[in-house]
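**Student:** Please see the structure below; I have some questions.
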Amino acid sequence: MEQYDVMQRIMLRAPFLLAKLCIPHMKNSASGTGAIGNMASVHVHIYTVNKPVYNITKYGLMALSQSISAEGDGMIRSFTVSSGFVSRYARYLVGGDVLFDGGMVLTY
């Protein structure tokens, strides 16, 4: 559960807090508009084994973005970018993890 809590704080709570802090500045800007982009994942659309917490947090991030847009009255927009698997300069590991230049991307 400790790892679950860490991932929730980093991948879902942090973007929520940042949006909460940024939106008032967007509303007070000259145009009253703004956009928030979040990095989702292919795992929002295609689930793989051994990644339940990663899948949960990325799906939650997509829901957060949709909620911001729904409540933004057309003035504050939010979107997610769902990247796919990276094949160039990368190797696949069990569960879809990727190694970039020898540095491991920890997803669970």
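**Student:** Would the range 75-84 turn up any residue that is assigned to a loop (DSSP other than H, G, I, E, B), modelled with pLDDT under 90 and over 17 Å from the mean Cα position of the chain (by Cα)?
**Tutor:** No, there is no match, as no residue in the range 75-84 is assigned to a loop (DSSP other than H, G, I, E, B), modelled with pLDDT under 90 and over 17 Å from the mean Cα position of the chain (by Cα).
**Student:** Filter the range 1-27 down to residues that are modelled with pLDDT of 95 or more, closer than 16 Å to A63 by Cα, among the aliphatic types (A, V, I, L, M) and touching a helix residue (DSSP H, G or I) at 6+ places or on another chain (Cβ under 9 Å), then give me how many there are.
**Tutor:** Final tally of qualifying residues: 1.
**Student:** What pairs can you find where one residue is in the range 48-66 and over 12 Å from R9 (Cα atoms), the other is at pLDDT 85 or above and of a type in the set (S, T, Y), and their Cβ atoms are less than 6 Å apart, with a gap of 6+ or different chains?
**Tutor:** Taking only residues 6 or more apart or on different chains, the pairs are M62/T80; S65/S78; S65/T80.
**Student:** Additional query: State the number of residues belonging to the range 28-66 that are exposed (fewer than 15 other Cβ atoms within 10 Å of the Cβ), modelled with pLDDT of 90 or more and touching a strand residue (DSSP E or B) at 6+ places or on another chain (Cβ under 8 Å).
**Tutor:** Summing the residues that are exposed (fewer than 15 other Cβ atoms within 10 Å of the Cβ), modelled with pLDDT of 90 or more and touching a strand residue (DSSP E or B) at 6+ places or on another chain (Cβ under 8 Å) in the range 28-66 gives 4.
**Student:** State the number of residues belonging to the range 41-59 that are over 11 Å from T80 (Cβ atoms) and either of a type outside the set (S, T, Y) or outside any loop (DSSP other than H, G, I, E, B) (or both).
**Tutor:** Residues in the range 41-59 being over 11 Å from T80 (Cβ atoms) and either of a type outside the set (S, T, Y) or outside any loop (DSSP other than H, G, I, E, B) (or both): 12 in total.
The values are calculated or read from the model by the stated rules, or taken from the named source; none is laboratory data. As the structure is a prediction and not an experimental result, all values here were calculated from the model. Cβ coordinates were reconstructed from backbone atoms using ideal geometry, including for glycine residues, and neighbour counts include every protein chain displayed.
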